[in-house]
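This report concerns only the one structure given below.
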Amino acid sequence: MKKFHEMQVGELVKPFTDETWCNDKYQVDIKHLPDGWVWLSIKRKNKCTIKDWRDLQKIKNMLCGEEREGLELYPAESRLVDTSNQYHIFVMPEGEIFPRGYSKRLIIEGHEGGWGKGSKQRKFKPNEKPTDCMSLEEANLKLSKRGIKQERKKRRH
């Protein structure tokens, strides 16, 4: 993904955004909330839908930091706002961790029919593949060893 550059915020949007950042594909409006949260409002410049999780993760990393956690909200129907192909990530204050989710990192290279034959993952672009990315076989071996260690611990107690 290409680097973002800051744009000047127009008078009409100043009440709604503190900063606007763009690259060749995306525009991101940033609002710094008083409690330390950051609201990213993301849209493609061509106004099409996004739904590429890796792109949204990169945007969060590039503009807020790799170790900050962000959330998408799927609101109650009574609070739903659905007016454009625009996506929102609410980034938690620095140092805070969401109390649900995985506790360890695991990245698997593209595969078809893994994890009980029900999953699929696309390959990374060559210049974007994480250094700790594993093949499906490596991940299965690592997880089976972890499962054996956990089972041994249970038996000891």
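Values in this text are rule-based calculations from the coordinates and carry no lab data. Owing to the predicted nature of the structure, the values given are computational and were not obtained by experimental measurement. Virtual Cβ from ideal backbone geometry, glycine too; neighbours counted across all protein chains shown.
The per residue volume of the convex hull around the alpha-carbon atoms of the range 27-76 is 102 Å³.
A crude spin-label estimate for the pair D18 and L141, with each label 7 Å from Cα along the Cβ direction, gives 4.7 nm. Note on the range 5-91: the alpha carbon radius of gyration divided by the globular reference 2.2 N^0.38 Å gives 1.06. Helix 136-156 versus the longest principal axis of the chain: what angle, 0 to 90°, nearest 10, using Cα atoms? Taking the Cα atoms of the chain, the angle to 136-156 is about 60 degrees. Only Lys, Arg, Asp and Glu carry charge here, each on its Cβ (+1 for the first two, -1 for the last two); on that basis the range 5-91 has a dipole of about 340 debye about its Cα centre.
The alpha-carbon of K2 sits under 12 angstrom from the alpha-carbons of these aspartates and glutamates, leaving out residues fewer than 8 places away in its chain: D24, D55, E128. Over the chain, all Cα pairs binned in 5 Å intervals from 0 give whole-percent P(r) values of 2, 7, 13, 16, 16, 15, 11, 8, 6, 3, 2, 1, 0, 0, listed from short to long. Angle of helix 53-64 to the longest C-alpha principal axis of the chain, folded into 0 to 90 degrees and rounded to 10: 60°.
The length gained by stretching the chain between F98 and D52 to full extension, at 0.36 nm per residue less their Cα-Cα distance, is 14.4 nm. Structure note, pairs K58/K142; K60/K145; K14/K125; K25/K142: Cα-Cα distances above 31 angstrom occur for K60/K145; K14/K125; K25/K142.
Under the convention that each Lys and Arg Cβ holds +1 and each Asp and Glu Cβ holds -1, the size of the dipole of the chain around its Cα centre is about 1180 debye.
Loop-located trypsin sites (Lys or Arg not before Pro) across the range 67-102 with a Cβ neighbour count of 15 or fewer within 10 Å are R100, with loop assigned by DSSP.
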